[in-house]
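Structure, as structure tokens:
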Amino acid sequence: MDARRRDGIGMTSQRTRERLAGRLGDAGIRNVHVLNVIRQVPRHLFVDEALASRAYEDSSLPIGHGQTISQPFVVARMTEILIREGIPERILEIGTGSGYQAAVLAALVGQVHTIERIRALHERSRALFRQLGLSNIRQRLGDGHAGWASAGPFNAIILTAAPTVIPDPLLEQLAEGGELLAPVGDSQAQELRIYRRSGDTVVEEGVEAVSFVPMIAGTE
């Protein structure tokens, strides 16, 4: 990868990343480790080159196939929630998408397992992770509803698309004391929710209103 493309120039430079981190801090992100990672991860590489000049806006952007790269505030907020009580050793992400959320998590946790249902996005993110040297990310092409049982259990699970109901296999793959963070709902209303495992019990807590693409079964 061209060093100028990797490191960024102009509207994709380090100074621009600093401004984004500052805006996220002003908007309520308090975890300094999360803000530092936002400063480091080159978001412009996770979008089409034609949109690179908009990469450090606090907005979602299209990545093709009816999908989007999440708004930086949402990525930072979900990451902040997942690590608020300690750093999970093993995280499962459902919905690799552009790969940006996985890259942010990989800078903070031991290992990230991530599943994507769309082959083109899976292959694009795999190449980018390799170029960035993110060796603690493992990937799978598949239906996220089934999770990744052979790699579990997981200390944390994060969904980047919204189901109407959390699939049972995902809850079953949570380790003792683990948390699942997901947007839940339909196109009319969604809520970010936390599910905590304690023995055979899973306790649910609502966090805040959100808007994500729907979680779809199957692969393509």
Could you please give the count of residues in segment 183-210 that are surrounded by 14 or more Cβ atoms within 10 Å (Cβ to Cβ) and free of Cβ contacts under 8 Å to residues at least 40 places away in the same chain? 10
Of a type outside the set (S, T, N, Q), touching a residue at least 24 places away in the same chain (Cβ under 8 Å) and either exposed (fewer than 14 other Cβ atoms within 10 Å of the Cβ) or touching a Cys at 6+ places or on another chain (Cβ under 9 Å) (or both), is that true of ARG30? yes
Evaluation of ARG30 against (1) in a loop (DSSP other than H, G, I, E, B); (2) modelled with pLDDT under 95; (3) not aliphatic (A, V, I, L, M) (one fails), failing number: (2)
Name the one entry in GLY133, GLY95, GLY144, GLY185 that is modelled with pLDDT of 95 or more, of a type outside the set (Asp, Glu) and under 25 Å from VAL32 (Cα atoms). GLY133
Among the numbered conditions (1) open to solvent by less than 30 Å² (accessible area, probe 1.4 Å); (2) among the aliphatic types (A, V, I, L, M); (3) outside any strand (DSSP E or B), tell me where LEU134 comes up short. (1)
Considering only residues that are in a helix (DSSP H, G or I) and touching a residue at least 60 places away in the same chain (Cβ under 8 Å), look in segment 97-124 and name the one that is surrounded by the fewest Cβ atoms within 10 Å (Cβ to Cβ). ARG119
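The values are calculated or read from the model by the stated rules, or taken from the named source; none is laboratory data. None of these values were measured; they are calculated from a predicted model. As a convention, Cβ positions derive from the backbone with ideal geometry for all residues, glycine included, and neighbour counts pool all protein chains shown. Surface accessibility is based on the protein's heavy atoms, side chains included, excluding ligands, DNA and RNA. Shrake-Rupley method; radii C 1.70, N 1.55, O 1.52, S 1.80 Å.
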